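Worksheet: the structure to be examined is printed underneath.
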Amino acid sequence: MTVTAILPPYRVFIDPNISSKKKLLEFLANTVTEQCGLVRSKLFNSLLDRERLGSTGLGHGFAVPHARLSDLKETIGCFVKLAKPINFDAPDNQPVDLVFCIIIPEHATDEHLRILASLAKIFSQSLIREAMRTAHTVADVIQIIVSAER
């Protein structure tokens, strides 16, 4: 499964004004549950519990918050390019402004690992991160990811 396969344009958000990690997780939970009919508190708590295990900030201003849900049938992706970087307790102590959230069915362990690896590979490239930071439209973001996956 490709990253673009789990990221429809209506789950790409450019420059929302979010001031903290908790507010970001609330935004993600609210947005995804409105679009997918999941239970908001269950998703928010799963994302928050995962962050309590250790930051999903990977460094260079990029984070991959993720959750696994038992009642989910297919993987959901959501991308957020924040208006201003926020503290994410990343290992390099850099604030985060690029966020790719994935919500995975609980049983899909292999798929989960493949998607995390793909995201790490894509966003480890400084040119990709900089292109994302200068993207102004949803179409720009999708095109950057499509190009990076080739």
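Suppose the filter is assigned to a loop (DSSP other than H, G, I, E, B) and not charged (D, E, K, R); does residue 112 pass it? Here the answer is no, as residue 112 does not meet what is asked. Residues that are over 25 Å from residue 73 (Cα atoms), open to solvent by 70 Å² or more (accessible area, probe 1.4 Å) and in contact (Cβ under 8 Å) with a residue 40 or more places away in the chain within the range 90-136 comprise 124, 136, listed in sequence order.
Scanning the range 37-61 for residues that are within 17 Å of residue 88 (Cβ to Cβ), in a loop (DSSP other than H, G, I, E, B) and open to solvent by 20 Å² or more (accessible area, probe 1.4 Å) gives 54, 55, 60. Residues in the range 25-36 that are open to solvent by less than 60 Å² (accessible area, probe 1.4 Å) and acidic (Asp, Glu): 26 only. In the range 84-127, the qualifying residues are those that are of a type in the set (Asp, Glu) and touching a strand residue (DSSP E or B) at 6+ places or on another chain (Cβ under 8 Å), and the one that is nearest to residue 33 (Cα to Cα) is 106.
Kindly indicate whether residue 103 is modelled with pLDDT of 90 or more, under 17 Å from the mean Cα position of the chain (by Cα) and closer than 21 Å to residue 43 by Cα.
yes
Search the range 19-32 for residues that are more than 18 Å from residue 77 (Cα to Cα) and of a type in the set (Gly, Ala, Ser) and pair each with any residue that is in a loop (DSSP other than H, G, I, E, B) and open to solvent by 20 Å² or more (accessible area, probe 1.4 Å) when their beta-carbon atoms are under 9 Å apart and the residues are at least 6 apart or on different chains. Pairs that qualify, where the first residue is more than 18 Å from residue 77 (Cα to Cα) and of a type in the set (Gly, Ala, Ser) and the partner is in a loop (DSSP other than H, G, I, E, B) and open to solvent by 20 Å² or more (accessible area, probe 1.4 Å), are 20/87. The single residue among 84, 73, 22 that is part of a strand (DSSP E or B) and surrounded by fewer than 15 Cβ atoms within 10 Å (Cβ to Cβ) turns out to be 84. Looking across 126, 70, one residue alone is at pLDDT below 90 and either closer than 16 Å to residue 28 by Cα or out of contact with any Leu (no Cβ under 7 Å at 6 or more places or on another chain) (or both). It is 70.
The values are calculated or read from the model by the stated rules, or taken from the named source; none is laboratory data. None of these values were measured; they are calculated from a predicted model. In this analysis, Cβ positions are derived from the backbone assuming ideal geometry, glycine residues included, and neighbour counts consider all displayed protein chains. Keep in mind that these areas ignore ligands, DNA and RNA; they rest on the heavy atoms of the full protein, side chains included. Shrake-Rupley method; radii C 1.70, N 1.55, O 1.52, S 1.80 Å.
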